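To start, the structure under review is shown below, and the notes come after it.
The values are calculated or read from the model by the stated rules, or taken from the named source; none is laboratory data. What you see is a predicted model, and the numbers here were worked out from it, not measured in a lab. Virtual Cβ from ideal backbone geometry, glycine too; neighbours counted across all protein chains shown. Heads up: the accessible areas ignore ligands, DNA and RNA and are worked out on the full protein's heavy atoms, side chains in. Shrake-Rupley method; radii C 1.70, N 1.55, O 1.52, S 1.80 Å.
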Amino acid sequence: MQNRKLSAWVDEVADQTRPDRVVFCDGSEAENRTLIQGMLSDGTLLALDGERYPNCYLHRSDPTDVARTEHLTFICTRDKEDAGPTNNWMSPDEASQRVGRLFDGAMKGRTMFVVPYLMGPVGSPSAKVGIEITDSPYVVASMRIMTRMGRVALDALGSSEDFCRGLHSLGDLSPERRFVCHFPAERLIWSVGSGYGGNALLGKKCFALRIASTMARDEGWFAEHMLILGLEDPGGRVTYVCAAFPSACGKTNLAMLVPPASQKGWKVWTVGDDIAWLRIGRDGRLWAINPEAGFFGVAPGTSSRTNPNALATLARNSIFTNVALTPEGTPWWEGFDGPVPPVLTDWRGRRWTPDSKEPAAHPNSRFTAPARQCPSISTEFDAAAGVPISAIVFGGRRARLAPLVCEARGWAHGVYLGATMASETTAAATGKVGVVRRDPMAMRPFCGYNMADYFRHWIELGENRAAFPKIFHVNWFRQSEAGALLWPGFGENLRVLRWIVARVRGEAKGHDTPVGIMPTDGELDTSGLGVNDEAMRELFAIDRDAWLEEARDREAFLESFGSRMPEALLRQNRDLMARIRA
Ligand code: GTP
Ligand code: SPV
Ligand code: MN
């Protein structure tokens, strides 16, 4: 191996973890075939029906290990304040004692894989190299789909010492000995005791968000939990939009949106579905790349009605985790096309019938699929410079309060809308589902430093930048008093995207309300939508008492950060209260 820092680290890790053998992954087809073969023989993977799902596999994770574990995720800075009140903190010394030791001999009897990977398009000045050392072949096969893995990453690295190190071991999978630790100062990640998604695929949330967000703060860019899409109008002009929604709140679906028949001539192109790295271009605009190469998408709810592009993407070369299995050997989940099969094997491998009490697929079951297979993949997916962003959209899952769409009055107000965002919790993380919590910029679980400093970074980077994107807030999940969804969502969200783009281009007037700018009558195309006027009114209704309560809660949230909270955001909240009272 050419890279001295890398070989020294690999030796050091092998000395500590004591694997039976060390494999340097090159990302080749042959290497992948050998890995898959091994996993098929030891039961880590099950082959799916090769006719309908060529080169597709099912993996069942440990039943205690099915989602990110935020309570076991730590930021290990010297000073606790630098992690901030929204992160768990552990001192680097304590991490060495409590977590570091769990790697001692952890890979005995196992193979240690060294996985070089590139986050971002080959040749992009924004791309970054990571190295994950892992004892999980499932992680290796997943990283091969989710990143540009192997040779290509080593070539990009050369002899440079600039790479993010991630050490991962399945350990004994015991939740008592499960930790995900981040050392931003050293660009180092330790993950032990979990083989699941964001806990184990260290290029994703650990590097591309938690570590990268600290790099972005230091270097003047953004690492965000955002999808990237291009909206093409009937004239062929494409406008690029980023959107940050919390986990399992609709990023993948919006990124792959298929316009309904009524929206003739419009098209959505997918650049990314989960993470965006944004830099200021020479033209003063914000340019985004998707650091990933695959989708780790929520399976339940994915159907040819909601997301046909996802179904087409996952039909080959994909790994399914914790979905149910039909007797024909095809994957199944709640919300899949067609009638519910009379008998299935559930995500834990047990016989399941429609009378069974629990869902057949785990609510956080996922597909891991190559992005290039997506029918709507953008021609700019591999563009080294990325795409220029015209609008940033924040959004959450809120049954009440938040309107279908509103626009910020300017950059600081937009940062405020993102900073005070709230959403009902989902199955993407362990813990209670359906509880409203503040999830600023959808980054609460993913910001690698003090979120008050993160807000300051946002405000400062966008100050006096005329070419920066406009900021919006959306909510697809508002309900009627009776508890029914008011908005059909999915493909129909295009109508909201169209208004956003019209505002960006100065083609829609909008009207001012206490909470932001909303479409004026007739600006949101509702033709053929099937939503009655009453429901449309409810989707934009502002309940003043509820909003005052909301503003008080936001104030308490902003103040919980103490003196590090930028005054500009406290002022925005006071202004909101004044406008509601007026
Ligand atoms: P992560 O991968 O966890 O970051 O999730 P995500 O933000 O990509 O969410 P995704 O698009 O996978 O959607 C999560 C769930 O919300 C799925 O069950 C979807 O079917 C559902 N969903 C997505 N968009 C909409 C929508 O517009 N309306 C409604 N009602 N549900 C939606
Ligand atoms: C999320 O929870 O936001 C995900 C899935 O995208 S995971 O990779 O597990 O973080
Ligand atoms: Mn996500």
Subject >> Neighbour cut-off at most 10 other Cβ (10 Å), DSSP loop, trypsin sites (Lys or Arg not before Pro), the stretch 254-344 >> reply: LYS264, ARG282
Subject >> the chain, helix-only ellipticity at 222 nm - DSSP H runs n ≥ 4, -39,500 (n - 2.57), divided by all residues, nearest 500 >> reply: -7500 deg cm²/dmol
Subject >> Computed accessible area, VAL271, all protein chains, 1.4 angstrom probe, square angstrom >> reply: 0
Original post:
Accessible area per residue, 1.4 Å probe, Å², for the stretch 295-370: what's the number?
Top reply: 39
Subject >> Between helix 544-559 and the chain: long-axis angle, C-alpha atoms, 0 to 90°, nearest 10 >> reply: 40
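Mean separation of Cα pairs under 8 Å and 6+ residues apart, divided by the residue count of the stretch 229-274: what relative contact order is that in percent?
Computed value for the stretch 229-274: 48 percent relative contact order.
Which loop GluC sites (Glu not before Pro) in the stretch 284-336, with loop taken from DSSP, have no more than 13 other Cβ atoms within 10 angstrom of their Cβ?
Values: sites: GLU292, GLU328, GLU334; in loops: GLU292, GLU328, GLU334.
Listed in order of number, the matching sites are GLU328.
Express as a percent, rounded to the nearest 5, the fraction of DSSP beta bridges in the chain (both residues included) that run antiparallel. Please report the intermediate quantities before stating the final value.
Details: 61 of 95 bridges.
Roughly 65 percent of the beta bridges in the chain run antiparallel, per DSSP.
Defining a contact as two alpha carbons under 8 Å apart and six or more residues distant in sequence, what relative contact order in percent does the stretch 53-201 show? Please report the intermediate quantities before stating the final value.
Numbers: 260 pairs, mean separation 40.0, N = 149.
Result for the stretch 53-201 is 27 percent.
Rounded to the nearest 0.05, what FRET efficiency do GLU481 and THR513 give with R0 = 25 Å and r taken as the Cβ-Cβ distance? Could you check? Don't jump to the answer; show the numbers that get you there.
Working: r = 21 Å, r/R0 = 0.85.
E between GLU481 and THR513, to the nearest 0.05, is 0.70.
When the convex hull of the Cα atoms of the stretch 481-528 is projected onto a plane and the area is averaged over all directions, what value comes out in nm²? Before the final figure, lay out the partial values.
On the way: hull surface 18.2 nm².
Taking the Cα atoms of the stretch 481-528, their convex hull projects to 4.6 nm² on average.
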**OP:** When a/c is below 1.5 the answer is rounded, else prolate if a/b is larger than b/c, else oblate, so apply that to the stretch 295-370 with a ≥ b ≥ c taken from the square roots of the Cα gyration tensor eigenvalues.
**Re:** prolate
Original post:
Ignoring ligands, DNA and RNA, what percent of the accessible area of the chain is carbon or sulfur (1.4 Å)?
Top reply: 48
Original post:
How far is helix 137-146 tilted off the main Cα axis of the chain, in degrees rounded to 10, range 0 to 90?
Top reply: 40
Original post:
Mind ordering 495-508, 196-209, 86-99 by average Cβ neighbours within 10 Å, highest first?
Top reply: 196-209, 495-508, 86-99
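I need the trypsin sites (Lys or Arg not before Pro) found in the stretch 382-431, filtered to DSSP loop residues with at most 15 other beta carbons within 10 Å of theirs. Walk me through the numbers on the way to the answer.
Values: sites: ARG397, ARG398, ARG400, ARG409; in loops: ARG397, ARG398, ARG400, ARG409.
Sites meeting the loop and neighbour criteria: ARG400.
Nearest 5 is fine: what % of DSSP beta bridges in the stretch 384-492 come out antiparallel, could you say? Please list the in-between numbers first.
Numbers: 7 of 12 bridges.
Of all bridge pairs located within the stretch 384-492, approximately 60 percent are antiparallel.
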Subject >> Order of exposure, largest accessible area first, which applies to SER28, SER213 with probe 1.4 Å >> reply: SER28, SER213
Original post:
Ratio of Rg to Rh for the chain, alpha carbon only, Kirkwood?
Top reply: 0.95
Subject >> Between helix 494-504 and the chain: long-axis angle, C-alpha atoms, 0 to 90°, nearest 10 >> reply: 70
Subject >> Flagged links, alpha-carbon separation over 21 Å, of LYS80/LYS128; LYS357/LYS432; LYS204/LYS251; LYS5/LYS128 >> reply: LYS80/LYS128
Subject >> Area of ILE377 that stays accessible when all protein chains are in place (1.4 Å probe, Å², to 10) >> reply: 40
Original post:
Taking only C-alpha pairs under 8 Å that are 6+ residues apart, what is the relative contact order of the stretch 470-577 in percent?
Top reply: 20
